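**Q** After the structure tokens below, expect a handful of questions from me.
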Amino acid sequence: MQSWNVLELETRGGTRSPIVLHSTDEARAVLIGIDPGQELGDHQVHEHAYIVVIAGQVRIEAGDETLEAGPGTLVRFEEKERHRVSSPDGARVLMILAPWPGPGHYRGSAERATA
């Protein structure tokens, strides 16, 4: 068993310094501090993404949907679904990516030959 107290870990640098808590072929768990006014800008990942709000308030946008979310909220995104996470006052989120890495996350030699 492994455990982490995600409320006590320091997240200096906010979104510029995420903490990878665990990474295996099944999933990757990343703790992200969002400093006041910071955001995870419009982006997508190759994996299914799950975001759990640990502390603070965030605004999550995906397509035409917007969600104001507080502690305890869990949000799931499909592979390659574009989304944005921001917080005017600061927050802490746990992101889980599964499977890790998703198909196409790292460009392999076979992809380079056909790209």
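The values are calculated or read from the model by the stated rules, or taken from the named source; none is laboratory data. Because the structure is a prediction, the values reported are computed rather than measured. Note that we place each Cβ from the backbone using ideal geometry, even for glycine, and neighbour counts take in every protein chain shown.
**Q** When both residues are 6+ apart or on different chains and their Cβ atoms are under 7 Å apart, which pairs have a first residue that lies in the stretch 1-25 and is in contact (Cβ under 8 Å) with a residue 12 or more places away in the chain, and a second that is aromatic (Phe, Trp, Tyr)?
**A** Here the result reads 21/4; 23/100; 24/100; 25/100, each pair linking the stretch 1-25 to a residue that is aromatic (Phe, Trp, Tyr).
**Q** Among the residues of the stretch 49-63, write down those that are surrounded by fewer than 17 Cβ atoms within 10 Å (Cβ to Cβ) and modelled with pLDDT under 95.
**A** Listed by number, the list holds a single entry, 63.
**Q** Would the stretch 94-115 turn up any residue that is at positive phi, at pLDDT 95 or above and not basic (Lys, Arg)? Break it down stepwise before answering.
**A** So in the stretch 94-115, the residues at positive phi come out as 104.
Keeping just the survivors that are at pLDDT 95 or above gives none.
Checked the stretch 94-115: no residue is at positive phi, at pLDDT 95 or above and not basic (Lys, Arg).
**Q** Is there any pair linking a residue in the stretch 66-83 that is farther than 12 Å from residue 48 by Cβ to one that is part of a loop (DSSP other than H, G, I, E, B) and modelled with pLDDT of 95 or more, with Cβ under 8 Å and at least six apart or on different chains, and which?
**A** Taking only residues 6 or more apart or on different chains, the pairs are 67/73; 68/57; 69/57; 70/57.
**Q** Also: Here's a check for you: in the stretch 29-39, which residue that is without any contact (Cβ under 8 Å) to a residue 60 or more places away in the chain and surrounded by fewer than 20 Cβ atoms within 10 Å (Cβ to Cβ) is nearest to residue 14 (Cα to Cα)? First the steps, then the outcome.
**A** Here is the first cut: in the stretch 29-39, the ones without any contact (Cβ under 8 Å) to a residue 60 or more places away in the chain are 33-39.
Narrowing further to those that are surrounded by fewer than 20 Cβ atoms within 10 Å (Cβ to Cβ): 35-39.
Details: 35: 5, 36: 9, 37: 10, 38: 8, 39: 9 Å.
Looking at residues that are without any contact (Cβ under 8 Å) to a residue 60 or more places away in the chain and surrounded by fewer than 20 Cβ atoms within 10 Å (Cβ to Cβ), I get 35.
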